[in-house]
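Before we start, here is the structure in question, set down as structure tokens.
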Amino acid sequence: MRLENKVVVVTGASSGMGHAIATLFVKEGAKVVAVARRKERLDALAESLKNAPGTILPFVGDISDPAQNDAMIDFALEKFGRLDVLVNNAGIMDDMSPVGDLTDEMLERLMKVNTYGPIYAMRKAVKTFLKQESAGNIINVTSVGADHNTAGAAYAASKAAVWAVSRNTTFQYRDKGIRCNCIAPGGIATEISKSMGMPNMAGFGNVKKLLAVAPDMGSAEDIANAALYLASDESGYVNGTVITVDGGWTCL
């Protein structure tokens, strides 16, 4: 098993990519704290994995709240004694508004969930790794939308910021045994579009030009496989990079 006894916190674990990541990690022997807002889905996930080689514990929390980011990692420390890997996966879509149409409410909502949440969690994780005096591993799910214009201004900004802070974290803590990498999904079949609501038609009209040349959608399992590599010791010399999982979309 590639993650035997590794202690991992996975956000956004109740559906989509987070659900697939948590599932695969537990099957590979990890001790996973699965974080999301929907308790019933977390409980169902835990029940489905009760006979898996690893362990999964649900944690109900909203990652836009700094206190809850601290609490989820404290929960992992309380239950398992340490933290090895943090997977910041939770995220939401904007309505594809270009910057001229962007509302304060949309910008605040996207930044709190997609950017502030991962940064809050990274802050706590780094402090934990340093206190443990052991290697630490952060995996952030960004998006091809950070530079491929497959969404609106708020989404692009929120995901580009995650990539930037990931590179800075690698630079600042590379000599402390802390790794930080990103996964940039392309079109993946998940529930994230439900967070978009009614699209801004001007922005969506432009995005459709890119959607027209998009490959077939990938699966959540495609992202989970990339995350497994980054979480495992096999990627021990991989630091400060982004793995793009998009079927070649950004090459078009």
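Residue check, Thr103 against (1) hydroxyl-bearing (Ser, Thr, Tyr); (2) touching a residue at least 12 places away in the same chain (Cβ under 8 Å); (3) out of contact with any helix residue (DSSP H, G or I) (no Cβ under 6 Å at 6 or more places or on another chain), all met but one. Which one?
(2)
Quick one: count up the residues across the stretch 65-106 that are more than 27 Å from Lys31 (Cβ to Cβ) and either open to solvent by less than 60 Å² (accessible area, probe 1.4 Å) or modelled with pLDDT under 95 (or both).
Qualifying residue count, the stretch 65-106: 9.
For the stretch 10-21, which residues satisfy the criterion of being of a type in the set (A, V, I, L, M) and either more than 19 Å from Asn88 (Cα to Cα) or part of a helix (DSSP H, G or I) (or both)?
Matches in the stretch 10-21: Met17, Ala20, Ile21.
Looking at Thr190, Thr150, which one is modelled with pLDDT under 95, open to solvent by 30 Å² or more (accessible area, probe 1.4 Å), outside any helix (DSSP H, G or I) and of a type in the set (Ser, Thr, Tyr)?
So the residue among Thr190, Thr150 that is modelled with pLDDT under 95, open to solvent by 30 Å² or more (accessible area, probe 1.4 Å), outside any helix (DSSP H, G or I) and of a type in the set (Ser, Thr, Tyr) is Thr190.
How many residues are in a strand (DSSP E or B) and open to solvent by 20 Å² or more (accessible area, probe 1.4 Å) if we restrict to the stretch 165-187?
Number of matching residues: 1.
Any idea which residue in the stretch 160-194 is nearest to Gln132 (Cα to Cα), counting only those that are without any contact (Cβ under 8 Å) to a residue 60 or more places away in the chain and of a type in the set (D, E, K, R)?
Lys176
Would you be able to tell me the number of residues in the stretch 107-121 that are out of contact with any Leu (no Cβ under 7 Å at 6 or more places or on another chain), more than 19 Å from Thr190 (Cα to Cα) and either of a type in the set (A, V, I, L, M, F, W, C) or at pLDDT below 95 (or both)?
The total comes to 3.
For the stretch 87-100, give me the residue count where each residue is touching a residue at least 40 places away in the same chain (Cβ under 8 Å), more than 15 Å from Thr115 (Cα to Cα) and not in a loop (DSSP other than H, G, I, E, B). Please lay out each step first, then the result.
First pass over the stretch 87-100, keeping only residues touching a residue at least 40 places away in the same chain (Cβ under 8 Å): 87-99.
Now narrow it down to the ones that are more than 15 Å from Thr115 (Cα to Cα): 95-99.
The next check asks that each one be not in a loop (DSSP other than H, G, I, E, B); those that pass are 99.
Summing the residues that are touching a residue at least 40 places away in the same chain (Cβ under 8 Å), more than 15 Å from Thr115 (Cα to Cα) and not in a loop (DSSP other than H, G, I, E, B) in the stretch 87-100 gives 1.
Can I ask one more? Restricting to the stretch 195-252, what's the tally of residues that are assigned to a helix (DSSP H, G or I), open to solvent by less than 50 Å² (accessible area, probe 1.4 Å) and without any contact (Cβ under 8 Å) to a residue 40 or more places away in the chain?
Count: 1.
Take the stretch 22-54 and flag every residue that is open to solvent by less than 60 Å² (accessible area, probe 1.4 Å), closer than 23 Å to Val113 by Cα and outside any helix (DSSP H, G or I).
Listed by number, the residues that qualify are Val32, Val33, Ala34, Val35, Ala36.
The values are calculated or read from the model by the stated rules, or taken from the named source; none is laboratory data. As the structure is a computational prediction, the values presented were derived from the model and not from experiment. Don't worry about glycine lacking a Cβ; one is built from the backbone with ideal geometry, like all the others, and counts go over all protein chains shown. Side chains included, ligands, DNA and RNA excluded: accessible areas come from the protein's heavy atoms. Shrake-Rupley method; radii C 1.70, N 1.55, O 1.52, S 1.80 Å.
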